[in-house]
1. Kindly list the number of the only condition in (1) out of contact with any strand residue (DSSP E or B) (no Cβ under 8 Å at 6 or more places or on another chain); (2) touching a residue at least 40 places away in the same chain (Cβ under 8 Å); (3) exposed (fewer than 15 other Cβ atoms within 10 Å of the Cβ); (4) in a loop (DSSP other than H, G, I, E, B) that fails for GLU175.
2. If you scan the range 43-74, which residues turn out to be modelled with pLDDT of 95 or more and touching a Leu at 6+ places or on another chain (Cβ under 7 Å)?
3. Give GLY85, GLY133, GLY159 a once-over and let me know the one that is outside any strand (DSSP E or B) and on the phi > 0 side of the Ramachandran plot.
4. Can you report the number of residues in the range 179-224 which are more than 13 Å from the chain's Cα centre (by Cα), assigned to a helix (DSSP H, G or I) and of a type in the set (Gly, Ala, Ser)?
5. All but one of (1) without any contact (Cβ under 8 Å) to a residue 60 or more places away in the chain; (2) buried (at least 18 other Cβ atoms within 10 Å of the Cβ); (3) farther than 29 Å from ILE60 by Cβ hold for SER163, so report the exception by its number.
6. Within the range 52-68, track down each residue that is in contact (Cβ under 8 Å) with a residue 60 or more places away in the chain and assigned to a loop (DSSP other than H, G, I, E, B).
7. Of everything in the range 1-24, what is surrounded by fewer than 18 Cβ atoms within 10 Å (Cβ to Cβ), more than 16 Å from the chain's Cα centre (by Cα) and part of a helix (DSSP H, G or I)? Give them in sequence order.
8. Have a look at LEU41, LEU27 and point out the one that is more than 26 Å from ILE147 (Cβ to Cβ), in a helix (DSSP H, G or I), more than 15 Å from the chain's Cα centre (by Cα) and in contact (Cβ under 8 Å) with a residue 60 or more places away in the chain.
Amino acid sequence: MAQSSIAIIAGCLSSVATIITIFIFTLILQKYFTRKKKNTLYLACSVLCWDLAFLAATIIYFFSEINLEMVIWCQKIVYCGVFLGIMFSFQFSQEIFFSLKKNVIYFYWIIGVIIILFTLILNSVNVAEFMDGSGYPLLTISLAFSILVVIFILPTILGIIISSLKIASRTEVGEFSLGFRIIALGQSMILLTFVADTLASIFIAQINVYALLLYLTWIFPMIAIICYYLGWIMPNWFKKWLNVQEDENKNK
């Protein structure tokens, strides 16, 4: 069985995403210890869950032919990591955007945990082969679980995008307004991740299109995490860069 070139490139992308994401996680966690804001801690947890998904995906792409049973579990971890990442982003946004009642939050988390347990316990992974002729194992989550995940998390994704843009439009301080717009951009990248993943399953037989869409499923969330970091943490170097850009625009 030959290693798939598509799997190698996807594995390299997920590896880069793993490194970048764990670095951003440490920066956000450091900021939490400085600010002591729960929202920042929830954001750090969300990023960490995404990093777990990236790491599990890397293992899948590089080691599927060695231990299929192990990578099947890794595929489950990928989806559970993504699922938890969205759930923690919901918790991050709760006090900023949503302000929902506690009973609603409890219900959201109970349903989410149940879905995660079903994903782990049941036979939720399909095993096929990459269509590039390599015969290398291609793992995907079953359609029923994919639909269930999308139905559950889509309101959170759209809610954060819409709420971020609304707050940005009402915020007079330009720096904060831009921060919320960047968060909305980041959440839009998460939405595009699921769009690319869905399209990849449709065009799986068209190898070039499928490969591009597969790569985008790792590029989009990597951009999203960077956007969340820039939009919420607003590191000093980013603020200085914004000020320089603002001064240049004034002088034109």
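1. Failed condition: (4).
2. ALA44, CYS49
3. Just a single option satisfies the conditions, and that option is GLY133.
4. Of the residues in the range 179-224, 5 are more than 13 Å from the chain's Cα centre (by Cα), assigned to a helix (DSSP H, G or I) and of a type in the set (Gly, Ala, Ser).
5. (1) is the only condition that SER163 fails.
6. SER64, GLU65
7. SER5, ILE8, ILE9, CYS12
8. Just a single option satisfies the conditions, and that option is LEU27.
The values are calculated or read from the model by the stated rules, or taken from the named source; none is laboratory data. This is a predicted model, so every value here is computed, not measured. Using ideal geometry, Cβ is built from the backbone for each residue, glycine included, and neighbour counts are taken over all protein chains shown.
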